[in-house]
Amino acid sequence: MNEPININEASFEKAVIQSSLPVLVDFWAEWCGPCKMIAPVLHEIAKESGDRFRIAKVNIDDDPALMQRFGIRGVPALLFFHGGELRDQIVGVAPKKAILEKLEALAGAASQA
């Protein structure tokens with residue numbers, strides 16, 4: 001069973017940039033209502049995806065440098081990485097289907113590479 005992982009600036013390179021899997025990075029904050037709404041959806045995706053994707057979470061209050069690095073202006077912000085590059089993003093709450101479509105697209109591109 002997969003679970004979302006908490007990452008910070010120190011672990012970002014290894015967990016996201018060097019990952020062979022597509023990675024969704026959730027930029028969130030404890031005080032953010034929409035972040036709390038989307039958290040169970042991301043947890044579900046992580047559990048259901050097996051080893052196809054990685055879900056990572058960055059608390060912007062604990063790690064503002066990553067927030068600044070990617071120009072995050074609002075949370076939740078979902079950034080989709082593959083092959084060490086930012087490929088897509090969603091700002092705000094999104095339905096599970098929309099998130100999965102973006103992850104599946106990245107996984108499909110990975111299998112063709």
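With a sphere of radius 14 Å drawn around the Cβ of Leu103, what net charge do the other residues whose Cβ falls strictly inside it have (Lys, Arg +1; Asp, Glu -1)? Spell out each step's value before the answer.
Working: positive: Lys47, Arg52, Arg54, Arg87, Lys96, Lys97, Lys102; negative: Asp26, Glu44, Glu48, Asp51, Asp88, Glu101, Glu104.
Net local charge, Leu103 excluded: 0.
Going by C-beta contacts inside 10 Å, put Asp63, Asp51, Asp26 in order with the fewest on the left. Walk me through the intermediate numbers first.
Details: Asp63 19, Asp51 7, Asp26 24.
Listing Asp63, Asp51, Asp26 from fewest to most nearby Cβ atoms yields Asp51, Asp63, Asp26.
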- Determine, for Ser11, Ser20, the number of other Cβ atoms within 10 Å of each Cβ, and report the residues in order from fewest to most. Ser20, Ser11
- What does the charge add up to near Met37, with Lys and Arg as +1, Asp and Glu as -1, over the other residues with Cβ less than 15 Å from its Cβ? 0
- Item | Local electrostatic count, Ala10, Cβ distance below 15 Å [Lys/Arg +1, Asp/Glu -1] | -1
- Task: With runs of 4+ DSSP H residues as the only contributors, calculate the mean residue ellipticity of the chain at 222 nm using -39,500 (n - 2.57) per run, divided by the residue total and rounded to the nearest 500.
- Result: -12000 deg cm²/dmol
- Given H placed 1.01 Å from N in the peptide plane, which residues other than close sequence neighbours of Val93 have an amide H under 5 Å from its amide H? none
- Dipole in debye (nearest 20) - the chain, about Cα centre, beta carbon charges: Lys, Arg +1; Asp, Glu -1: 240 debye
- Starting from the amide H of Asn6, placed 1.01 Å from N in the peptide plane, find each other amide H under 5 Å away whose residue is 5 or more places distant or on another chain. Lys57
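Of all alpha-carbon pairs in the chain, indicate the percentage at a distance above 22 angstrom.
Values: 1468 of 6328 pairs.
In whole percent, the share of Cα-Cα pairs in the chain beyond 22 Å is 23.
Each value in this text was obtained by applying a stated rule to the coordinates, not by laboratory testing. Because the structure is predicted, anything quoted here is derived from the model rather than measured. For neighbour counting, all protein chains shown are included, and Cβ atoms are generated from backbone atoms with ideal geometry for every residue, glycine included.
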